[in-house]
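The values are calculated or read from the model by the stated rules, or taken from the named source; none is laboratory data. All values reported here derive from a predicted model rather than from experimental measurement. Here the Cβ positions follow ideal geometry from the backbone for every residue, glycine too, while neighbour counts run over all protein chains shown.
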Amino acid sequence: MALSTPKMDKLMMGTKMTDADNAFGHKQALKVKKQKKSQGSSRYRPVGAQELVALPQLRDTPPTEQEELLIKKLLQCCNVFNFMDPVADLKSKEIKRACLNELVDYVTATRGILTDQVYPEIVKMKVTSMS
């Protein structure tokens, strides 16, 4: 009659023995250091200088130029910033924040502005912010 041990059972069942198993089949406690996870945007990719320039308000622009300005503002909002460093690019971050708020107000309050030329730029901005 053969004696069976947990170590032998693992070998017989085809499972791998780990370093945590000792000769008596008891699990040893493994101390694993947990790495601190980054709180910021893991997809941030720096692309050089991203200094934004404040564009005129959409409501102060003549109706014939509003679509062109809207597209410029959408393109401006495609810039991605590193928020791990709260003091980096403060001016550009503020310009983008104000621009996004203005775009929300403008699209909500104005009719007929979502044209065939504007839709691709909206999609581009959304894709850029999600990737």
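Condition check ((1) of a type outside the set (A, V, I, L, M, F, W, C); (2) under 14 Å from the mean Cα position of the chain (by Cα)) across all residues:
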| residue | (1), (2) |
| --- | --- |
| 81 | no, yes |
| 85 | yes, no |
| 90 | no, no |
| 100 | no, no |
| 105 | yes, no |
| 115 | yes, no |
| 126 | yes, yes |
| 131 | yes, yes |
- Note on the structure: Out of (1) surrounded by 10 or more Cβ atoms within 10 Å (Cβ to Cβ); (2) modelled with pLDDT of 90 or more, the one residue 41 does not meet is (2)
- Query: Before we move on, is residue 91 crowded, with 16+ Cβ neighbours inside 10 Å, in a helix (DSSP H, G or I), at pLDDT 90 or above and not small (Gly, Ala, Ser)?
  - Reply: no
- Note on the structure: Looking across the range 98-115 at residues that are polar (S, T, N, Q) and assigned to a helix (DSSP H, G or I), the single one that is farthest from residue 78 (Cα to Cα) is 108
- Subset of the range 58-88 (residues that are modelled with pLDDT under 90, more than 15 Å from residue 125 (Cα to Cα) and not hydrophobic (A, V, I, L, M, F, W, C)): 82, 85, 86
- Message: Filter the range 111-131 down to the residues that are out of contact with any Leu (no Cβ under 8 Å at 6 or more places or on another chain) and surrounded by 11 or more Cβ atoms within 10 Å (Cβ to Cβ) and list them by number.
- Response: 114, 117, 120, 123, 126, 128, 129
